[in-house]
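Where a number appears in this text, it was derived from the coordinates with a stated rule and is not lab data. Because the structure is predicted, anything quoted here is derived from the model rather than measured. So basically every Cβ, Gly included, is an ideal-geometry build from the backbone, and we count neighbours across all protein chains shown.
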Amino acid sequence: MKKPPSLKIALLGMFGGMWQEYNPGCYLVGYKTYTEIQKRFPAAKIDMFAIQNKLEGNKIIRENKFGLMTLNFFPRRIQMKLLENILSKYDVLIIGGDIVWGGDDVVEDNDIFFINSKKFLAANKTKVIFNCIHTFYDDQTIRQMTEKFRQACGHASYVSVRTKPIQKRLKKMNIPNVNYVPDVVLDFDLEEFKDVKIPKAKTNKPKLGIAVRFKLAKEFTEALKKIDLDKYEVYCFAYSRQYSDLETIKEIKKVFGNKFHYLEKYHSPIGSFKIIKNFDFLINDTFHGLIAATLQNVPFISIDVEPEKTSRKDQLLESIGVDKKWNIRVKYHDLKNAEILSRKINRLLMDKFQYNDQKLKESRKLIEKHFDAIEQTIHGCD
């Protein structure tokens with residue numbers, strides 16, 4: 001008797017970053033999802049597909065850069081052929097998480113993440129699951145996309161989003177059964193990975209880690225001149241390639257010279273998370289950088305450039321029980337940025353930061369229930 005074919009599951013997202021730059025958050029969303037699905041379906045064939053929006057040509061590039069999971073990078077130009085001719089042969093297609101539903105000005109929407117193909121939908125063979133999705137479409141702009149969202153979610157067997165405002169927007173569009181789940185990386189276990197060492201401190205002062213995007217470099221450097229940092233040993237490090245953190249370090253170094261430590265090197269996605277463990281306090285402007293701090297119980301100040309009133313970082317702070325005052329909202333190219341940053345950072349550095357352990361436990365339970373729900377959804381194919 002022939003052995004029945006094993007379940008075939010495809011994970012589809014931006015797991016290698018938008019441009020194969022291995023943004024830490026994108027990668028760990030993928031790895032967390034991969035390990036959870038692998039744990040629940042050990043006999044399944046699981047393949048991971050990651051869009052690379054700047055990749056030329058028509059070829060898929062296989063890469064396992066950090067020895068944890070193999071990514072199949074595909075260029076934007078072949079996304080619909082991939083969906084219709086390759087992904088349609090899988091039993092289950094898990095899409096996301098992260099910001100695969102777009103709505104920002106970085107790159108236009110990729111239709112593959114909306115399964116926007118009549119051929120794929122008509123075949124109705126592959127079960128579709130949306131895993132912890134986010135979008136930058138707000139209350140106004142999402143209305144233009146109503147049919148696209150309805151089609152995608154209407155075909156899916158399970159839909160989950162990572163902020164409550166997105167959940168409410170989809171419900172207003174008469175899309176039922178939209179589940180809220182905190183970002184799945186909040187339930188990631190970093191303990192099994194090696195720590196990343198930093199240069200030895202010159203003093204016994206608390207270590208302050210700083211990683212800020214290049215688009216804020218001038219305003220942030222100007223703000224640093226007015227921030228009282230005498231009680232800290234300051235380390236400027238590069239968290240994210242996507243936001244050109246190394247360029248920011250160069251700007252700060254020009255002004256402050258040997259007053260600070262400068263860690264002029266990018267790390268692996270895991271390394272970017274683990275380096276934060278070295279600090280007693282963190283100033284960072286990325287969503288997953290704050291999650292890295294949370295996982296390692298490091299107090300932080302968040303810098304937030306999202307125009308959305310209900311930003312991802314505000315939502316994150318709510319899910320871990322941290323007061324929103326720790327999230328400083330600024331706008332790109334605003335002349336007031338340096339003054340806002342210096343004033344608020346000075347004030348917060350004198351305040352007491354506190355996590356709410358109970359809220360964090362509740363968020364992790366929601367994430368566990370989320371993957372349980374995905375498991376139950378898939379079981380219909382097994």
Report task. Would you calculate, for the chain, the mean residue ellipticity at 222 nm contributed by helices, counting each DSSP H stretch of 4 or more residues as -39,500 (n - 2.57) and dividing by all residues, to the nearest 500? Result -> -10000 deg cm²/dmol
Requested in this report: Please give, to one decimal in nm, the separation of the simple spin-label points placed at residue 107 and residue 177, each 7 Å out from Cα toward the Cβ.
Outcome: 3.1 nm
Requested in this report: Please determine, in degrees from 0 to 90 and to the nearest 10, the orientation of helix 357-378 with respect to the longest principal axis defined by the Cα atoms of the chain, where the helix direction is its Cα long axis.
Outcome: 20 degrees
Report summary line: Rounded to the nearest 10 degrees, the helix 245-256 long axis (Cα) sits at an angle to the longest Cα principal axis of the chain of 10 degrees
Query raised in the report: Amide H to amide H, which residues 5 or more places from residue 328 or on other chains are under 5 Å from it, using H placed in the peptide plane?
Result: 302, 303, 304
Report summary line: Expressed in Å to one decimal, the Kirkwood Rh of segment 207-359 from all distinct alpha-carbon pairs is 15.4 Å
Query raised in the report: Loop-only check: which trypsin sites (Lys or Arg not before Pro) in segment 273-356 are DSSP coil with at most 16 other Cβ within 10 angstrom?
Result: 309, 331, 336, 352
Report summary line: Between residue 376 and residue 144, the two model label points (7 Å from Cα along the beta-carbon direction) sit apart by a distance in nm of 3.8 nm
Report task. At 0.36 nm per residue, minus the direct Cα-Cα distance, what do residue 325 and residue 157 gain on full extension? Give it in nm, one decimal, please. Result -> 56.7 nm
Query raised in the report: What is the antiparallel percent of DSSP beta bridges lying wholly in the chain, to the nearest 5?
Result: 5 percent
Query raised in the report: To the nearest 0.05, what FRET efficiency results for residue 339 and residue 59 with a Förster distance of 41 Å applied to their C-beta separation?
Result: 0.25
Report summary line: Given 365-373, 171-179, 208-216, the highest-first ranking by average Cβ count within 10 Å works out to 208-216, 365-373, 171-179
Query raised in the report: Which entries of 197/225; 32/331; 118/369; 265/344; 59/81; 225/274 show an alpha-carbon separation above 22 angstrom in the structure shown?
Result: 197/225; 32/331; 118/369; 265/344; 225/274
